[in-house]
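A short write-up of the structure that comes next.
The values are calculated or read from the model by the stated rules, or taken from the named source; none is laboratory data. The shown structure was predicted, so the numbers you read here are calculated from the model rather than taken from an experiment. With ideal geometry, Cβ positions are generated from the backbone for all residues, glycine too; neighbour counts draw on all protein chains shown. Side chains are part of the model used for accessible areas, which takes the heavy atoms of the whole protein and leaves out ligands, DNA and RNA. Shrake-Rupley method; radii C 1.70, N 1.55, O 1.52, S 1.80 Å.
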Amino acid sequence: MALVTTKEMFKKAYDGGYAVGAFNVNNMEIVQGITEAAGELESPVILQVSKGARAYANHTYLVKMVEAAVQENPQIPIALHLDHGDTFELCKSCIDGGFTSVMIDASSKSFEDNIALTKQVVEYAHDHGVVVEAELGTLAGIEDEVQVEAGKEAYTRPEEVEEFVDRTGCDSLAIAIGTSHGAYKFTAAQCTRNADGILVPPPLRFDVLEECIKRLPGFPIVLHGSSSVPQEFVKMVNEYGGNMPDAIGIPEDQLRQAAKLAVCKINIDSDIRLAMTANIRKYFVEHPDHFDPRQYLKPARQAVKDMVAHKIVNVLGSDHKI
Ligand SMILES: [Zn+2]
């Protein structure tokens, strides 16, 4: 199977009550970990590249590694997606350079400017057989070059979604219902603490999601910033010399619930970073004499694979859905 768009994936996911995971890729071990898990579990998967990933690893290297993953896992559909494209030129460059899906994130602009830029990208993308994700509403948090201060985020206004999708022709829509980028999604003041002293974030706004679904029946919804920041990995980082106080994410049961509704794509990045870092820290402490990068990148890659397998089975519900 060659690289595919997300069109068919989303249709099946919508009808089947599950979501497809979109995982950010930055290097070979991450690409391998994700696609080995998806391949073994026969799950569709979206590999996404941010502007920062392109700056770090180079467009050509990323595309060629993804092509290798497609060749190694012919049994599953794989899409290659631009995460948070912020200009027409960046989207065009990815469309021309082999991506099958792009996101144009003009969510920080006015409603009219967001529509104009999204429409421009949609026209070019559709002419080239590529699909487009757009965004309405803004998420808090930090993700590569996207940074929104806590308090400046805004939930998606459901009364705007029909007009936006109608006028832009976008293929999927990222909405803001309380998810957030990064591993520090909420300040302590926004949360309560459980009996163990762990922060508990405010619940996702399912009322906003339901209202969007009602206005866009059959249309794929996307959730960004949907890592859960599992506390066992935060603990592991802190135990082996790290310092990540009060890192928290979105509870997995809430994401599972969203995946059963119209949410067809769930973005997960921080949990992969966290799992890799925790395992590399542990390895360094336990093997201070080792210096071959393969020795510590091997458990790091395995940690990516285990994390993605866990997400596919327990959060997304996309296993055996090809
Ligand atoms: Zn995002």
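Quick notes
- Segment 158-170 - phi-based ³J(HN,Hα) in whole Hz, Karplus 6.51/-1.76/1.60, Gly and Pro as x: x, 5, 9, 5, 5, 4, 5, 5, 4, 7, 8, x, 5
- Taking the 1.4 Å solvent-accessible surface of the chain as the whole, the part contributed by carbon and sulfur is 52%.
- Sequence-ordered 3J(HN,Hα) estimates for segment 38-48 from the Karplus curve with 6.51, -1.76 and 1.60 and θ = phi - 60° stand at 4, x, 5, 8, 6, 10, x, 8, 10, 9, 10 Hz, glycine and proline given as x.
- Taking a straight line from the alpha carbon of K64, these lysines sit under 26 Å away, with near neighbours fewer than eight places off in the same chain left out: K7, K51, K92, K265, K298, K305, K311, K321.
- Distances between placed amide hydrogens fall under 5 Å for H181 paired with A140, G141, I142, all partners being 5 or more residues away or on another chain.
- Relative contact order for the chain, counting Cα pairs under 8 Å that sit 6 or more residues apart, in percent: 22 percent
- Counting only Cβ charges, +1 for Lys and Arg and -1 for Asp and Glu, the dipole size of the chain around its Cα centre is about 420 debye.
- 13 Å reach of a label modelled at E72, 7 Å along Cα-to-Cβ, counting backbone N of segment 1-32: 27-32
- Set of lysines near K235 by C-alpha distance (under 16 Å), chain-local residues within fewer than 8 positions excluded: K282
- With the charge dipole of the chain set up from +1 on Lys and Arg Cβ and -1 on Asp and Glu Cβ about the Cα centre, the Cα lying farthest toward the positive end among the listed residues P217, T168, N27 is that of N27.
- Estimated FRET transfer efficiency when R0 is 41 angstrom, pair K109-H287 (beta carbons, to 0.05): 0.25
- Think of it as helices only: each DSSP H run of n ≥ 4 in the chain is worth -39500 (n - 2.57), and spread over all residues that comes to -13500 deg cm²/dmol at 222 nm.
- Rounded to 5, the percent of DSSP beta bridges in the chain classed as antiparallel: 15 percent
- Taking the charge dipole of the chain about its Cα centre, with +1 at Lys and Arg Cβ atoms and -1 at Asp and Glu Cβ atoms, the residue from T138, A53, G85 reaching farthest to the positive side is A53.
- Dividing the convex hull volume of the alpha carbon atoms of the chain by its residue count gives 121 Å³ per residue.
- Scalar couplings 3J(HN,Hα) for segment 58-73, obtained by applying the Karplus form with A = 6.51, B = -1.76, C = 1.60 to θ = phi - 60°, are 5, 3, 5, 4, 5, 4, 5, 5, 5, 4, 5, 5, 5, 5, 6, 10 Hz; x denotes Gly and Pro.
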